[in-house]
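Here is the structure we will look at, set down as structure tokens.
The values are calculated or read from the model by the stated rules, or taken from the named source; none is laboratory data. Owing to the predicted nature of the structure, the values given are computational and were not obtained by experimental measurement. Methodologically, a virtual Cβ is constructed for each residue, glycine included, from the backbone with ideal geometry; neighbour enumeration extends over all protein chains shown.
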Amino acid sequence: MADRAAILRAWAETRWAMATVRSRAALERRQARLWRRLTPALAATPALAALAGRPLSDFPVRSPAEIRGDFDRWNSVGISEANARAVAAAAEHGESVLLAGGVAAGFSTGTSGARGLFLASPAERVRYLGQALARLLKPWALLSGKRIALCLRADSALYRDVGAAGRFDFRFVPLSLLPPDRIAAIMRFDPHVLIAPPHVLAELARTQTKLPSLEHLFYGAEPIGDAERAWIWGRLDVRPDPVYQATEGFLGAPCRLGILHLNEHDMVFELESIPGTSRFRPIVTDLRRTTQPIIRIRLDDLIEPLDEPCRCGAVTRAVHPVEGRFDDLWRWDGCVVCPRDVDNVLATALGADTDWRAIAEPSGAVVEADDGAAAVAALSAWLAASGIDKPVTARRLTGHDGEPKRRRIRWVSDHG
């Protein structure tokens, strides 16, 4: 179990940074200081040692696949992939097993088909918990008894340590449960705080039963459209707010207004423009992670900054909720269609509470929905107005597509 005093120190440090770093210049000075402190960990990581002590810009941009493909060289503590996978598998089944030095291992949910494997030392777990509690909950939450439910694919010591942070009762609800059992488990626990993928929140909203004690509702792991978010809010009486987290770290959290802010107090985000759109791919560097350094890793997420600074006044960049992956963009004849645009069209035509999928390929698009005629008419009209001459057809929605995350909008190239 993590050290409560250490978690509280991490919580206080995060709250202090949020309160005192009030300009971009101050933020950049903080980032530069943290980057210098990271040098010993980089020197101890075989894949990065040759560049330790150099400016961040000297490091090449890499993909998550490169870390997965050479795991043994991408950690600073000499942990083998075989040992890490064994411990991560045990943790997924609820066992409290750790690697040498108290390092925890866990799996990501694996949208791309390759499950990410992450490591976290005791100090990193403490920092994660303190940071998450500082950014997600009100300050006085540490003093009152709260029930926190987390619905994800895989359990981990990273999550179970939350019980050490304060008067919290933590419950992990696995996504592997059938939907009725999953909802029943959440209802029995009656959490004050629920963190779950949007499709689970939609399942809960469809039960028409509100959680009596619910105070905070957070979603992550998959996109949610504006209409569906508003519908869930209306049904559960609590605003669903975005949490941006991946194998690469705690990337973003909502402000008091529910707007997602990038975690620039502890990370560097380079935004790589996607031609033909207002979207970017983030290139992420975690300035506090030493066991498994994350240095200039290009993610597949689609990021769109807000047009204006957030009204909350925070100095960190405010962005729209992540709407999907780079591979989800529809690409026809020089035109690029973003997932949020497709979601807005179909949610308006079919209703925010309706399930559907939209799959495009070079020859056209297919919408899977109960009301195929309405979906085809709406999407065809929108594409035509956008100057895209591609046919849209419909077929019945046949249930879950078998992936761990809901992917409503997809692009399939060459029928693959």
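If a residue has to be under 21 Å from the mean Cα position of the chain (by Cα) and closer than 18 Å to residue 241 by Cα to count, how many in region 139-153 make the cut? Explain how you work it out, then say what you get.
Step one: list which residues in region 139-153 are under 21 Å from the mean Cα position of the chain (by Cα), which gives 148-153.
Cutting the leftovers down to closer than 18 Å to residue 241 by Cα gives us 148-152.
Number satisfying all stated conditions: 5.
Has region 186-200 got any residue that is of a type in the set (Asp, Glu), assigned to a helix (DSSP H, G or I) and touching a residue at least 24 places away in the same chain (Cβ under 8 Å)? Please lay out each step first, then the result.
The first filter runs over region 186-200 and keeps only residues of a type in the set (Asp, Glu), leaving 190.
Add one more test, that the residue is assigned to a helix (DSSP H, G or I), and what stays is none.
There is no residue in region 186-200 that is of a type in the set (Asp, Glu), assigned to a helix (DSSP H, G or I) and touching a residue at least 24 places away in the same chain (Cβ under 8 Å).
Is at least one residue of region 216-228 out of contact with any Lys or Arg (no Cβ under 7 Å at 6 or more places or on another chain), charged (D, E, K, R) and buried (at least 22 other Cβ atoms within 10 Å of the Cβ)?
Within region 216-228 (the criterion being out of contact with any Lys or Arg (no Cβ under 7 Å at 6 or more places or on another chain), charged (D, E, K, R) and buried (at least 22 other Cβ atoms within 10 Å of the Cβ)), the answer is yes, since at least one residue qualifies.
Can you tell me which condition residue 159 does not meet? The list is (1) modelled with pLDDT of 70 or more; (2) surrounded by 22 or more Cβ atoms within 10 Å (Cβ to Cβ), and all the others hold.
All conditions are met except number (1).
Does residue 58 satisfy being among the charged types (D, E, K, R) and either surrounded by 12 or more Cβ atoms within 10 Å (Cβ to Cβ) or in contact (Cβ under 8 Å) with a residue 40 or more places away in the chain (or both)?
On the way: among the charged types (D, E, K, R): yes; either surrounded by 12 or more Cβ atoms within 10 Å (Cβ to Cβ) or in contact (Cβ under 8 Å) with a residue 40 or more places away in the chain (or both): no.
When the stated conditions are applied, residue 58 does not pass them.
Listed here are the residues, each with its yes/no results for (1) modelled with pLDDT under 95; (2) touching a Leu at 6+ places or on another chain (Cβ under 8 Å); (3) not assigned by TED's automatic domain parsing to the domain that holds residue 227.
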residue	(1), (2), (3)
240	no, yes, no
256	yes, no, no
261	no, no, no
287	no, yes, no
290	no, yes, no
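Considering only region 190-210, state which residues are more than 24 Å from the chain's Cα centre (by Cα) and either on the phi < 0 side of the Ramachandran plot or not assigned by TED's automatic domain parsing to the domain that holds residue 253 (or both).
207, 209, 210
Looking at 10, 41, 84, can you tell me which residue is under 16 Å from residue 289 (Cβ atoms), surrounded by 14 or more Cβ atoms within 10 Å (Cβ to Cβ) and at pLDDT 95 or above? Let's see the steps before the verdict.
Details: 10 fails: at pLDDT 95 or above; 84 fails: at pLDDT 95 or above.
41 is the lone residue from the list that is under 16 Å from residue 289 (Cβ atoms), surrounded by 14 or more Cβ atoms within 10 Å (Cβ to Cβ) and at pLDDT 95 or above.
Note down all Cβ pairs under 8 Å where the first residue falls in region 80-97 and is small (Gly, Ala, Ser), the second is part of a helix (DSSP H, G or I) and surrounded by 15 or more Cβ atoms within 10 Å (Cβ to Cβ), and they're at least six residues apart or on different chains.
So the pair list comes out as 80/71; 84/71; 91/157; 96/157; 96/160.
Look at residue 357 and say whether it is closer than 13 Å to residue 410 by Cβ and outside the structural domain of residue 235 (by TED's automatic domain parsing). Let's see the steps before the verdict.
Working: closer than 13 Å to residue 410 by Cβ: yes; outside the structural domain of residue 235 (by TED's automatic domain parsing): yes.
Here the answer is yes, as residue 357 does meet what is asked.
Condition check: at pLDDT 85 or above and touching a Leu at 6+ places or on another chain (Cβ under 6 Å). Does residue 89 satisfy that?
On the way: at pLDDT 85 or above: yes; touching a Leu at 6+ places or on another chain (Cβ under 6 Å): no.
It is false that residue 89 is at pLDDT 85 or above and touching a Leu at 6+ places or on another chain (Cβ under 6 Å).
Filter region 277-304 down to residues that are in contact with a Lys or Arg (Cβ under 7 Å, 6 or more places away or on another chain) and assigned to a strand (DSSP E or B) and give me whichever is surrounded by the most Cβ atoms within 10 Å (Cβ to Cβ). Full working, then the answer.
Within region 277-304, the first condition is being in contact with a Lys or Arg (Cβ under 7 Å, 6 or more places away or on another chain), and the residues that meet it are 281, 283, 285, 288, 296-304.
Within this subset, residues satisfying the condition of being assigned to a strand (DSSP E or B) are 281, 283, 285, 297-298, 301, 303.
Numbers: 281: 18, 283: 17, 285: 23, 297: 21, 298: 17, 301: 21, 303: 25.
Among residues in region 277-304 that are in contact with a Lys or Arg (Cβ under 7 Å, 6 or more places away or on another chain) and assigned to a strand (DSSP E or B), the one surrounded by the most Cβ atoms within 10 Å (Cβ to Cβ) is 303.
Going residue by residue through region 126-144, is there one that turns out to be outside the structural domain of residue 256 (by TED's automatic domain parsing), closer than 20 Å to residue 251 by Cβ, modelled with pLDDT of 90 or more and assigned to a helix (DSSP H, G or I)? Outline the logic, then answer.
Initial filter on region 126-144 (outside the structural domain of residue 256 (by TED's automatic domain parsing)): none.
No, the conditions are met nowhere in region 126-144.
With the requirement that a residue be crowded, with 21+ Cβ neighbours inside 10 Å, small (Gly, Ala, Ser) and either out of contact with any Ser or Thr (no Cβ under 8 Å at 6 or more places or on another chain) or under 23 Å from residue 220 (Cα atoms) (or both), what does region 318-367 give you?
The answer is 318, 324, 347, 349, 358, 360.
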